[in-house]
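Asker: Below: one structure in structure tokens.
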Amino acid sequence: MIRQEDMTIISQKLIATGIYELILKGNLVNEMEHPGQFVHIRVNQQVAPLLRRPISIATVRQDLQTITLIYRAEGEGTSLLAEKKSGEKINVMGPLGNGFPTDDLRKGQTALLVGGGIGVPPLYELSLQLRSKGIEVIHVLGFESAEKSFYLEKFSELGKTYVATVDGSLGTKGFVTDAIEQEQINFDCLYTCGPLPMLRALEERYASKQGYISLEQRMACGIGACLACVCHVADDPTKKKYRKACSDGPVFRMGEVII
Amino acid sequence: MIRQEDMTIISQKLIATGIYELILKGNLVNEMEHPGQFVHIRVNQQVAPLLRRPISIATVRQDLQTITLIYRAEGEGTSLLAEKKSGEKINVMGPLGNGFPTDDLRKGQTALLVGGGIGVPPLYELSLQLRSKGIEVIHVLGFESAEKSFYLEKFSELGKTYVATVDGSLGTKGFVTDAIEQEQINFDCLYTCGPLPMLRALEERYASKQGYISLEQRMACGIGACLACVCHVADDPTKKKYRKACSDGPVFRMGEVII
Amino acid sequence: MNPLQIELPGLSLKNPVMPASGCFGFGREFSQFYDLSVLGAIMIKATTFETRFGNQTPRVAETPAGMLNAIGLQNPGLKGVLTNELPWLEKFDVPIFANVAGSQVEDYVEVAKEISKAPNVKALELNISCPNVKTGGIAFGTIPEVAKELTKKVKNVSEVPVYVKLSPNVTNIVEMAKAVEDAGADGLTMINTLLGMRIDIRSGQPILANRTGGLSGPAIKPVAIRMIYEVSQQVNIPIIGMGGIQHTDDIIEYFYAGASAVAIGTANFVDPLICPTLIKELPEKLAELKIDHISEIVGRSWKNEYL
Amino acid sequence: MNPLQIELPGLSLKNPVMPASGCFGFGREFSQFYDLSVLGAIMIKATTFETRFGNQTPRVAETPAGMLNAIGLQNPGLKGVLTNELPWLEKFDVPIFANVAGSQVEDYVEVAKEISKAPNVKALELNISCPNVKTGGIAFGTIPEVAKELTKKVKNVSEVPVYVKLSPNVTNIVEMAKAVEDAGADGLTMINTLLGMRIDIRSGQPILANRTGGLSGPAIKPVAIRMIYEVSQQVNIPIIGMGGIQHTDDIIEYFYAGASAVAIGTANFVDPLICPTLIKELPEKLAELKIDHISEIVGRSWKNEYL
Ligand SMILES: Cc1cc2nc3c(=O)[nH]c(=O)nc-3n(C[C@H](O)[C@H](O)[C@H](O)COP(=O)(O)OP(=O)(O)OC[C@H]3O[C@@H](n4cnc5c(N)ncnc54)[C@H](O)[C@@H]3O)c2cc1C
Ligand SMILES: Cc1cc2nc3c(=O)[nH]c(=O)nc-3n(C[C@H](O)[C@H](O)[C@H](O)COP(=O)(O)OP(=O)(O)OC[C@H]3O[C@@H](n4cnc5c(N)ncnc54)[C@H](O)[C@@H]3O)c2cc1C
Ligand SMILES: Cc1cc2nc3c(=O)[nH]c(=O)nc-3n(C[C@H](O)[C@H](O)[C@H](O)COP(=O)(O)O)c2cc1C
Ligand SMILES: Cc1cc2nc3c(=O)[nH]c(=O)nc-3n(C[C@H](O)[C@H](O)[C@H](O)COP(=O)(O)O)c2cc1C
Ligand code: FES
Ligand code: FES
């Protein structure tokens, strides 16, 4: 069930240029199951910034009652979030949305997880869960540059991990699609999260494959009430059918919605 | 000279119900001389609360490079200020305004200092400075109730101190004017700071005496530019002459301006 | 005596707090968080005759103490609302304000006629002020004569009282209010959003796909308070006030200005429990201010003007 | 090449950043903090023919991300400004916009005629939009025909270019802008404050003695941006943008919307060094965004609309 809770900050660490890892503790963790779900964070109690900020759940530790979030501090809200220290409380609403389905694959099959920038975090919990089912995982992670990359070792522990950077400072120079082609990766199912152009390129190339994309949209409510985050459904001649990224998504079957 | 500086919080203490004592350290203290001057505080760097908050300087310790402020946490800005912890920085502009003149009295003469509620703090530094000149000080301090009273011991150390509380929980039941009459206090010069009705009552009763009042007005700039805080000059038939509480005041000679 | 119980034309409310149209969908999502029967009323999302998808995304952008939206009246259309939404809402003990919108007079009239027959619809809220619809929309809300005509036609067909929602994007709000009062409006709701825009620094383009959008949230409260202060002195019909309400103090401020009830919009996105929380806190706040009943203070700011 | 140097009708500015009228007095207080010659220009406090005391206090009230003011055009009058203020400002190398206000047409004309002769007054800013003056004031700013007539009369007597300051409290800002452009205005400044109110919870009375006041600060930025976006596409005279500017990002946003220069109002009260700070930071910000010269980006949000 979706709830709000003042969670306690257990740790906050700068893990790459502008990228923070935040560990939160609270009962809300009991509700969190599916990789790809997100939380909606209120960074303070003032009138500005007014809206909550959606952040994916990067990992869940039921045993410790913690979740890990990884986020880029860029705008007003995330910069304020980055100033918070361990021990402080922060209001979290969640878990929101539907995560990545992990039941489509059988033991021994291969999943390709493709992440771009701040789309990488939710893939970590996904990878953990797929692995625990005996599914082989391959990661292709794209970043702007080496100094903005993170969690590479952690992903490597779970499966083969390829990196692409725009400036070539690490791995393949270029985009994730370049890396996938260069490495001639085969897979049974694709899971991806990242910037729209990346999602579009992947959907185009692997249209015939099974796959899931996680969509970013500007949100207000995060629970399906305001209709800020809708997208058109593919193959809908009426053009009136829609899905809400917050409550129907953020994860959609490849080809389900127009991106 | 008026400057802005990020001063460091040395301590923040709750000293009465809703009343905080805040000690700040910084070079700005070098500029602070006159009791009755105030500082203009920016409680955070966000867009809300937008304006600075004017707070009187309660004492200055040049040797320690500190100032003490005493304030009531009530509205949005002062409540946020009350959450700040020692070690944090806070942007202070000051010193602003003209303080209480202390040159009018000679050694051995008597000053009556009358404060109401959060008008009490600036009288403390004033009392210190008058005492150091050998002037006798008598304090009459008005509060809503015993639990909202503060600094009584400190004032007692400097001179006779009478208290009035609205609910009678401490000292004379009633207003400062009741206490003054009851105690039949004689004085050479009156110094007062507090709510408008109190100032008006004192001005009326002691019109023939020499005295100074410190005026509270809603302010924006605090430096004399916006004209938010003006008051009419007494005996001005044109009704166009004015004084600015922030830069001409906040202290005025009794009878100088219309309150 | 319940210090929150109020009477408005056509309806008796257990409290004066309701979610504002478009900020609460048709209630389904919020029913996950609390029992909707605690609400004074519900203003449901605008209903148009046809199903609408609305504008492209991005549809929201944050601004200082506010937000812009350009949803574009997305809704399932009259039939969808009558078939799926209103019957679902019947399980709650709460009166519904049906927000009625359209691109042309005939649409408004048709929707008003049909939706006012639904058993739980106790009042209409005539949305003549949505800034995010290209055809018509805004003109209804900015020209007194046009607003008057529309209100009359809707009054003719409605089975329930008609409240008209005013746009703040006008030179003279009193003139608009009087025009719709003349036309027989039973109440006013105000304010809708202020027309605004935010431009992205990287792209140089407006953030909203629709370019402009409606500004809501705390930023607009002073404008709303001023307009309600002006209008409430000049009309004899009640006003439901809205714009940036987040705390019980804000509710009190709206009543002092001249509102007889309030609606909560944007704050629902920040705290889904905001309405029940404010309803719960309000009696305490009234007691603190020594107010026996909330109706006492309607318009206090101007009623005491010459005391 | 100085990437901030801009040319406006009647004046060449070393940078496009200036304090807004009423938020900087006549510069004296801020000259304690920095050398006023660093400013692109100075918009001085409104000058009326007669000395004015203005409204009673309280004259300001804080609102979410904004503030209300009802100063009421307090100023030393034409003679005082000509004798004491403008000559004092001559010691700085900075052009002055003289903000001209009044209650009747003759006042405006008289002030414009005389003040435009002062050697450092390089342009007039015709304040037809002050919401805080009871007589007339607001009407000049809300009726296109009235604004047009006034602008014509002032143009006839002014020795320097005339910029007209538009009020946002209108249904159709483009119509107002075109009216004054038709009348010969050399430029526009926008926006003035939005009319608002705040009521004190304890007393039930408006905080401002004048009851209503003008809303300024970050809260109003989205409204200003939208209006400049609309107007700049419909007129051929430059716009000086203002409303809630606090950061260089805000300045860029105004230029993208269609402004050719900007003014900083309320932010001066929060940080007296805001103008020089922004002027210093601006070239860096431009470099970061790969903009060679600030003039390049005027109206980029709509010039690229159909790319
Ligand atoms: C389902 C979902 C999951 C996400 N997961 C992560 C994550 O794990 N780590 C991470 O770093 N980021 C994630 N994002 C993006 C993140 O929400 C934005 O970067 C963040 O909201 C920007 O806030 P700000 O305060 O930095 O920027 P501001 O510019 O101050 O934001 C202003 C407004 O725009 C919205 N906004 C701005 N950029 C974006 C964006 N790219 N996507 C959505 N809304 C935006 C903000 O939410 C806010 O409402 C996710 C977004 C979504 C929708
Ligand atoms: C020269 C001067 C010296 C002062 N010294 C002290 C002091 O030593 N200790 C102390 O506790 N208070 C002092 N005050 C009053 C103090 O400034 C206000 O209590 C404070 O600004 C209220 O802010 P807030 O955030 O609590 O209230 P909010 O309601 O959030 O304030 C909103 C706005 O109103 C203004 N405001 C509200 N109440 C007052 C008030 N009573 N006087 C002036 N402005 C007000 C605020 O400054 C702000 O701009 C002084 C005021 C002045 C003018
Ligand atoms: C996302 C969103 C959608 C809205 N949709 C509607 C609508 O469909 N009909 C309507 O009359 N008002 C609509 N409004 C306006 C609100 O009902 C309300 O008048 C306005 O937001 C001011 O209140 P607030 O500041 O509390 O949000 C919408 C507002 C928002 C933020
Ligand atoms: C205290 C105050 C006084 C003002 N006085 C004037 C004035 O005399 N003439 C004028 O044209 N505008 C006046 N304004 C409006 C500002 O010049 C400016 O248009 C408005 O405040 C928006 O800018 P900002 O949000 O940066 O403050 C005043 C604004 C404030 C806050
Ligand atoms: S964010 Fe409100 S519906 Fe998705
Ligand atoms: S506060 Fe601005 S002049 Fe006094």
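The values are calculated or read from the model by the stated rules, or taken from the named source; none is laboratory data. Everything numeric in this text was worked out from a predicted model, so none of it was measured. Cβ atoms come from the backbone with ideal geometry, glycine included; neighbour counts cover every protein chain shown. Remember, those area values only see protein heavy atoms, side chains included, never the ligands or the DNA or RNA. Shrake-Rupley method; radii C 1.70, N 1.55, O 1.52, S 1.80 Å.
Asker: What ³J(HN,Hα) values, in whole Hz, does the Karplus curve 6.51 cos²θ - 1.76 cosθ + 1.60 give for segment D:5-21 when θ = phi - 60°, with x put for Gly and Pro?
Answerer: 4, 9, 10, 10, x, x, 7, 10, 10, 6, 7, x, 10, 9, x, 7, 4
Asker: Return the chain A residue and its Cβ-to-axis distance, rounded to the nearest Å, for the rotation relating A to B.
Answerer: A:ALA48, 2
Asker: Moving on. I'd like the accessible area for D:SER31: 1.4 Å probe, protein heavy atoms, all chains in place, Å² to the nearest 10.
Answerer: 40
Asker: Could you tell me which of rounded, prolate or oblate describes segment C:27-150, using a ≥ b ≥ c as the square roots of the eigenvalues of the alpha-carbon gyration tensor, with rounded for a/c under 1.5 and, failing that, prolate when a/b is larger than b/c and oblate otherwise?
Answerer: Cα axes put segment C:27-150 in the oblate bin.
Asker: How far apart, in nm, are the 7 Å Cα→Cβ label points at A:LYS173 and A:SER86?
Answerer: Simple spin-label model gives 4.1 nm for this pair.
Asker: Hey, in chain A, which Cys have no second cysteine's beta-carbon closer than 4.7 Å?
Answerer: That list is A:CYS189, A:CYS193, A:CYS229, A:CYS231, A:CYS246.
Asker: Residue by residue through D:263-272, how many Cβ atoms from other chains fall within 10 Å of the Cβ on average?
Answerer: Neighbouring Cβ atoms belonging to other protein chains average 5 per residue here.
Asker: Starting from the Cα gyration tensor of segment C:1-44, take the square roots of the eigenvalues, sort them a ≥ b ≥ c, and report rounded, prolate or oblate (rounded when a/c is under 1.5, otherwise prolate if a/b is larger than b/c, else oblate).
Answerer: oblate
Asker: Looking only at segment A:61-144, where both bridge partners belong to it, what percent of the DSSP beta bridges are antiparallel (to the nearest 5)?
Answerer: Roughly 10 percent of the DSSP beta bridges within segment A:61-144 come out antiparallel.
Asker: For chain B, give the magnitude of the charge dipole about the Cα centre (Cβ charges: +1 Lys/Arg, -1 Asp/Glu; no others), in debye to the nearest 20. Walk me through the numbers before you get to the answer.
Answerer: Details: 29 positive and 30 negative charges, 106 e Å.
Using Cβ point charges on Lys, Arg, Asp and Glu, chain B gives about 500 debye.
Asker: At a probe radius of 1.4 Å, what is the per-residue accessible area of D:TRP302, in Å² to the nearest 10?
Answerer: Rounded to the nearest 10, that gives 60 Å².
Asker: Based solely on its DSSP helices, what 222 nm [θ] is calculated for the protein assembly as shown when runs of n ≥ 4 H residues each add -39,500 (n - 2.57) and the sum is averaged over all residues, nearest 500 deg cm²/dmol?
Answerer: Working: 32 runs with 274 residues, N = 1132.
Only helices count here, giving -6500 deg cm²/dmol.
Asker: Please work out how much accessible surface A:THR177 shows to a 1.4 Å probe, ignoring ligands, DNA and RNA, in Å² rounded to 10.
Answerer: 10
Asker: Per-residue Cβ counts within 10 Å, from other chains only, averaged over D:209-216: what number is that?
Answerer: So the per-residue partner count for this stretch is 3.
Asker: Continuing with the same structure: If each label sits 7 angstrom from Cα along the C-beta direction, how far apart, in nm, is A:ARG253 from its counterparts in the other copies?
Answerer: Copy-to-copy label distances for A:ARG253: 8.9 nm.
Asker: Separate question: So for B:SER247, C:SER129, what's the accessible-area order with a 1.4 Å probe, most first?
Answerer: So, going from the largest accessible area down, we get B:SER247, C:SER129.
Asker: Now for a different question. Residues with amide H under 5 Å of C:LEU8's amide H, sequence separation 5 or more or different chain, H placed in the peptide plane at 1.01 Å from N; which?
Answerer: C:LEU13
Asker: In the protein assembly as shown, if the dipole is taken from +1 on Lys/Arg beta carbons and -1 on Asp/Glu beta carbons about the Cα centre, which of D:LEU73, C:VAL162, C:ALA46 is farthest to the positive end?
Answerer: Checked the options; the winner is C:VAL162.
Asker: Please tell me the relative contact order of segment A:215-258 in percent, rounded to the nearest whole number, where contacts are Cα pairs under 8 Å and at least six residues apart.
Answerer: Relative contact order of segment A:215-258: 41 percent.
Asker: Here is a further query. Comparing C:ARG52, C:ARG202, C:ARG226, which has the greatest mean-square fluctuation in the GNM of chain C with Cα pairs linked when under 10 Å apart?
Answerer: Looking only at C:ARG52, C:ARG202, C:ARG226, the biggest GNM fluctuation is shown by C:ARG202.
Asker: Another question, if that's okay. Set Lys and Arg Cβ to +1 and Asp and Glu Cβ to -1, take the dipole of the protein assembly as shown about its Cα centre, and tell me which of D:ALA139, D:GLY187, D:ILE245 lies farthest positive.
Answerer: D:ALA139
Asker: Output wanted: per-residue J couplings in Hz (rounded whole) for segment A:113-126, from phi through Karplus 6.51 cos²θ - 1.76 cosθ + 1.60, θ = phi - 60°, x for Gly and Pro.
Answerer: For segment A:113-126, the Karplus curve yields 10, 10, x, x, x, 6, x, 5, x, x, 6, 5, 4, 4 Hz.
Asker: If you take the charge dipole of the protein assembly as shown about its Cα centre, with +1 on Lys and Arg Cβ and -1 on Asp and Glu Cβ, which of D:ILE201, D:MET176, D:ASN55 is farthest toward its positive end?
Answerer: D:MET176
Asker: Enter the per residue convex hull volume of segment A:67-108, computed from alpha-carbon coordinates, in Å³ rounded to the nearest integer.
Answerer: 145
Asker: Now, a different point. Have a look at the DSSP beta bridges in chain D and tell me what percent are antiparallel, nearest 5. Could the numbers behind the result be given before it?
Answerer: Values: 15 of 39 bridges.
Taking every DSSP beta bridge within chain D, about 40 percent pair in antiparallel fashion.
Asker: Note the distances from D:LYS290 to each other copy's matching label point, with points 7 Å along the Cα-to-beta-carbon direction, in nm, sorted shortest first.
Answerer: Label-point distances to the other copies, shortest first: 6.7 nm.
Asker: Using the Cα centre as the reference, give the magnitude of the dipole from point charges on the C-beta atoms of segment B:100-214 (Lys, Arg: +1; Asp, Glu: -1; all else neutral), rounded to the nearest 20 debye.
Answerer: Working: 11 positive and 15 negative charges, 49 e Å.
Using only the charged Cβ atoms, the result is roughly 240 debye.
Asker: Next question. For the protein assembly as shown, give the magnitude of the charge dipole about the Cα centre (Cβ charges: +1 Lys/Arg, -1 Asp/Glu; no others), in debye to the nearest 20.
Answerer: In debye, rounded to 20, the protein assembly as shown gives about 220.
Asker: What is the antiparallel percent of DSSP beta bridges lying wholly in the protein assembly as shown, to the nearest 5?
Answerer: In the protein assembly as shown, DSSP labels about 50 percent of beta bridges as antiparallel.
Asker: Mind checking the mean number of beta-carbon atoms from other chains within 10 Å of the Cβ atoms in B:1-11?
Answerer: Working: counts 2, 4, 4, 4, 0, 0, 0, 0, 0, 0, 0.
Partner Cβ neighbours, averaged per residue: 1.
Asker: Cα gyration tensor of segment D:70-217, axes a ≥ b ≥ c as square roots of the eigenvalues: rounded (a/c below 1.5), prolate (a/b > b/c) or oblate? Write down the numbers at each step before the final one.
Answerer: Working: a/c = 2.11, a/b = 1.33, b/c = 1.59.
In terms of gyration-tensor shape, oblate.
Asker: Give the long-range amide H neighbours of A:VAL230: residues separated by 5 or more places, or on another chain, with amide H under 5 Å away, using H modelled in the peptide plane at 1.01 Å from N.
Answerer: Amide H to amide H, under 5 Å and 5 or more residues apart or across chains, A:VAL230 pairs with A:ALA245.
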